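Only one structure is covered here, and it is reproduced in the block below.
The values are calculated or read from the model by the stated rules, or taken from the named source; none is laboratory data. From a predicted model like this one, the values you see are computed outputs, not experimental measurements. Don't worry about glycine lacking a Cβ; one is built from the backbone with ideal geometry, like all the others, and counts go over all protein chains shown. Surface accessibility is based on the protein's heavy atoms, side chains included, excluding ligands, DNA and RNA. Shrake-Rupley method; radii C 1.70, N 1.55, O 1.52, S 1.80 Å.
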Amino acid sequence: MTNIHATLISFQNKGILLRGKSGSGKSDLALRFIMAHNAILVADDRVNLSVQNNVLFGSVPTEIQGKLEIRGVGIAHFPFLAHTEICLCVDLIDNLSDIDRLPNPEKINLQGVSIDRLVVYPFESSATYKIIAKISGIIS
């Protein structure tokens, strides 16, 4: 098992791993998914990664179960899943102009497992919808 700095949510039973530097918007994006799209929190800030039968799973460390940091407000408590299969890795960037207009579909190798990757500017109002389109197969 490997512990990484990231946030993990489950949307329609599909794990979305949000990666980015501290302050990049991981928790904020997770909060918007939870509140507006009925996503379920798995882990905020720290995620345990493990592989079983060539499937990548993420789980929450015990000490942060159900906790989500809302910057400037405090720690919120939400229902949570202890683990989920990770189906998409979303890398958050801090400059919208760094995103290609029409990027080629990407995969990323995490713990020896290839999964879909998407690059998103998290503070764009359409960020959650872009991720939903990707995880739902609307875009390749």
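From the square roots a ≥ b ≥ c of the eigenvalues of the alpha-carbon gyration tensor of the range 59-140, which class results: rounded (a/c under 1.5), prolate (a/b over b/c), or oblate? It is oblate, given that a/c is not under 1.5 and a/b is not larger than b/c. Note on the chain: GNM, Cα springs under 10 Å; of GLY66, GLY23, GLY58, the largest mean-square fluctuation is that of GLY23. Each Lys and Arg Cβ is given +1 and each Asp and Glu Cβ -1; about its Cα centre, the range 27-125 then shows a dipole of about 200 debye. The label-point distance for MET1 and LEU96, in a model that sets each label 7 Å from Cα toward Cβ, rounds to 4.0 nm. Solvent-accessible surface of the range 43-125, averaged per residue with a 1.4 angstrom probe and all protein chains in place: 61 square angstrom. Residues considered: PRO61, PRO103, PRO79. Largest GNM mean-square fluctuation over the chain, using C-alpha springs under 10 Å, is found at PRO103.
Around LEU29, what is the net charge, scoring Lys/Arg as +1 and Asp/Glu as -1 over all other residues with Cβ under 14 Å from its Cβ? Every neighbour counted, the sum reads 0. Assign one of three labels to the range 66-106, namely rounded, prolate or oblate, based on the Cα gyration tensor with a ≥ b ≥ c the square roots of its eigenvalues; rounded applies when a/c is under 1.5, prolate when it is not and a/b is larger than b/c, and oblate otherwise. Oblate shape, in that a/c is at least 1.5 and b/c is the bigger or equal ratio.
Here the chain has 50 percent of its accessible surface on carbon and sulfur atoms, given a 1.4 Å probe and all protein chains in place. Shape class for the chain: oblate, because the ratio a/c of the largest to smallest gyration tensor axis (alpha-carbon atoms, square roots of eigenvalues) is 1.5 or more and b/c is at least a/b. A simple count of charges around ASP116, restricted to other residues whose Cβ falls under 11 Å of its Cβ and scoring Lys, Arg +1 and Asp, Glu -1, yields +3. How many percent of DSSP beta bridges within the chain run antiparallel, rounded to 5? Bridges in the chain that DSSP calls antiparallel: roughly 70 percent. Exactly which GluC sites (Glu not before Pro) in the range 47-139 are in a DSSP loop and have at most 16 other Cβ atoms within 10 Å? Answer in residue order: GLU124.
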